[in-house]
Structures are given as C-alpha cells and as structure tokens.
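To keep things clear, I will list the structure first and then write my remarks on it.
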Amino acid sequence: MSDIRRREDPAHKGKGAWVIERDGKTLAELSYTTAGSRLILDHTDVSDALRGTGSGKKLVEAAVLWARGANVKLMPLCPFAKSVFDKNPELRDVL
C-alpha cells in the first residue's frame, strides 16, 4: 500500500518532497525548494513500477492541498508539474 507524505530534508534547510513509499522504498517524488514565501516545485520522479498510475499527478495534488492549508504559493518549474497545472485549472489557485 502506498501513501503520500511530505518529507523535509534535514540536511538542507528549505528543501523537501512529497513522496510515495512502499516497503520502505521511495517510488515517486515531487521535490521542492523554498524561496521566500513560495515553494518551487523543481523535479518529479516516478519509478517504472508506478508509471501510468497517475502517481505524478497525485503528488502535485498533494502539494496543492498542503499549500492551500499552509497559505503558501507554489511555483512549478518542473515541466511535469507545470503540465498538471496547465491541464487542471482547479489547481491554479495556489500559483
């Protein structure tokens, strides 16, 4: 069973990711860097085991839900994340 959670990088302040893990392994990740009052979504990586399952979009949606709750704006520099926002206008309120 997979679950999406937000993980901060303790070694690098202001960096982190939303991840999908299974059996202790990270299978998908949407990484971010904090820039002032925004989070820059900088890279999405989905393992072959999850390709075609919508996992990348689910990571972006998790980031959007978090941003709404935290009143933070997102900046999708990652081409995949940007494409999710382009295709889903209902997510754009956090941009």
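Residues of segment 1-15 being over 11 Å from Ser55 (Cα atoms) and assigned to a strand (DSSP E or B), which ones? Spell out the reasoning first.
Within segment 1-15, the first condition is being over 11 Å from Ser55 (Cα atoms), and the residues that meet it are 1, 5-15.
Those that are over 11 Å from Ser55 (Cα atoms) and assigned to a strand (DSSP E or B): Arg5, Arg6, Arg7, Glu8, Lys15.
With respect to Asp9, determine if the residue is open to solvent by 80 Å² or more (accessible area, probe 1.4 Å), charged (D, E, K, R) and out of contact with any His (no Cβ under 9 Å at 6 or more places or on another chain). Spell out how you get there, then give the answer.
Values: open to solvent by 80 Å² or more (accessible area, probe 1.4 Å): no; charged (D, E, K, R): yes; out of contact with any His (no Cβ under 9 Å at 6 or more places or on another chain): yes.
Answer is no for this residue.
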Exercise. Being of a type in the set (Lys, Arg) and without any contact (Cβ under 8 Å) to a residue 12 or more places away in the chain narrows it down to one of Lys25, Lys58, Lys73, so name that one.
Key: Lys25
Exercise. Kindly indicate which of Asp42, Asp9 is acidic (Asp, Glu) and in contact (Cβ under 8 Å) with a residue 12 or more places away in the chain.
Key: Asp42
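For every residue, the table says whether it meets (1) of a type outside the set (Gly, Ala, Ser); (2) at pLDDT below 95; (3) on the phi > 0 side of the Ramachandran plot.
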site: Arg51; (1), (2), (3): yes, yes, no
site: Lys58; (1), (2), (3): yes, no, no
site: Ala62; (1), (2), (3): no, no, no
site: Ala67; (1), (2), (3): no, no, no
site: Met75; (1), (2), (3): yes, no, no
site: Ala81; (1), (2), (3): no, no, no
site: Phe85; (1), (2), (3): yes, no, no
site: Glu90; (1), (2), (3): yes, no, no
site: Val94; (1), (2), (3): yes, no, no
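The values are calculated or read from the model by the stated rules, or taken from the named source; none is laboratory data. Small disclaimer: the values here were computed from a predicted structure and weren't measured. Virtual Cβ from ideal backbone geometry, glycine too; neighbours counted across all protein chains shown. To get the accessible areas, we keep the full protein, side chains included, count just its heavy atoms, and leave off ligands, DNA and RNA. Shrake-Rupley method; radii C 1.70, N 1.55, O 1.52, S 1.80 Å.
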